[in-house]
Amino acid sequence: QVQLVESGGGLVQAGGSLGLSCAASGSIFRPNVMGWYRQAPGKQRELVATITSGGRTNYADSVKGRFTISRDNAKNTVYLQMNSLKPEDSAVYYCNLGSGYLNYFGKGALVTVSS
């Protein structure tokens with residue numbers, strides 16, 4: 001079993017920045033992919049960004065150039081730096097870890113961007 005605990009998030013004005021972090025613990029297999037998803041009210045959960053154990057990244061088109069994902073394998077932690085935030089970035093952000101057929105999500109962190 002894997003536990004994911006997110007921290008960060010909060011309220012920020014449009015154009016501002018926020019950072020999220022997620023620490024994984026438990027039976028973590030490698031290689032794995034860690035990432036962030038988000039879900040806004042009334043919408044489906046969507047991919048934001050992922051990063052492999054080797055550091056390969058993938059971003060949703062809507063956040064490219066504004067968000068940066070990174071990870072510290074020694075700490076089993078993934079980060080998401082969010083810059084130039086827009087009101088449409090407001091959502092609950094969920095940390096994710098996937099390895100083979102195993103897939104885990106954290107409980108989520110709320111990000112609210114005011115206009």
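Odds and ends about this structure:
- For the chain: rounded, prolate or oblate by the Cα gyration tensor [a/c cutoff 1.5]: prolate
- Averaged over its residues, the chain has an accessible area of 54 Å² per residue, based on protein heavy atoms and a 1.4 Å probe.
- Förster radius 22 Å - calculated FRET efficiency between Lys64 and Phe29, Cβ distance, rounded to 0.05: 0.15
- When peptides 53-65, 37-49, 69-81 are sorted by average Cβ neighbour count within 10 Å, with the highest value leading, the order is 69-81, 37-49, 53-65.
- Evaluating 6.51 cos²θ - 1.76 cosθ + 1.60 at θ = phi - 60° for every residue in segment 12-19, the Karplus couplings come out as 8, 7, 4, x, x, 10, 9, x Hz, glycine and proline recorded as x.
- Placing +1 on each Lys and Arg Cβ and -1 on each Asp and Glu Cβ, with no other charges, gives the chain a dipole about its Cα centre of roughly 140 debye.
- Within the accessible area of segment 1-102, the carbon and sulfur atoms contribute 49%, probe 1.4 Å, all protein chains present.
- Karplus-derived 3J(HN,Hα), 6.51/-1.76/1.60, for each residue of segment 83-91, Hz, glycine and proline x: 10, 6, 5, 10, x, 6, 7, 4, 4
- Selected from Tyr93, Val111, Ser27, residue furthest toward positive end of dipole (the chain; charges at beta carbon): Ser27
- Fully extending the segment from Leu47 to Ser17, taken as 0.36 nm per residue of separation minus the present Cα-Cα distance, adds 8.9 nm.
- Amide H contacts under 5 Å for Arg71: Tyr79, restricted to partners 5 or more places along the chain or on a different chain, H placed in the peptide plane at 1.01 Å from N.
- Cα-projected label distance for Ser84 with Arg56, points at 7 Å along beta-carbon direction, nm: 2.6
The values are calculated or read from the model by the stated rules, or taken from the named source; none is laboratory data. A quick note: this is a predicted structure, and the numbers were derived from the prediction, not measured. Here Cβ is always computed from backbone atoms with ideal geometry, including for glycine, and neighbour counts include all displayed protein chains. With ligands, DNA and RNA removed, areas are computed over all heavy atoms of the protein, side chains included. Shrake-Rupley method; radii C 1.70, N 1.55, O 1.52, S 1.80 Å.
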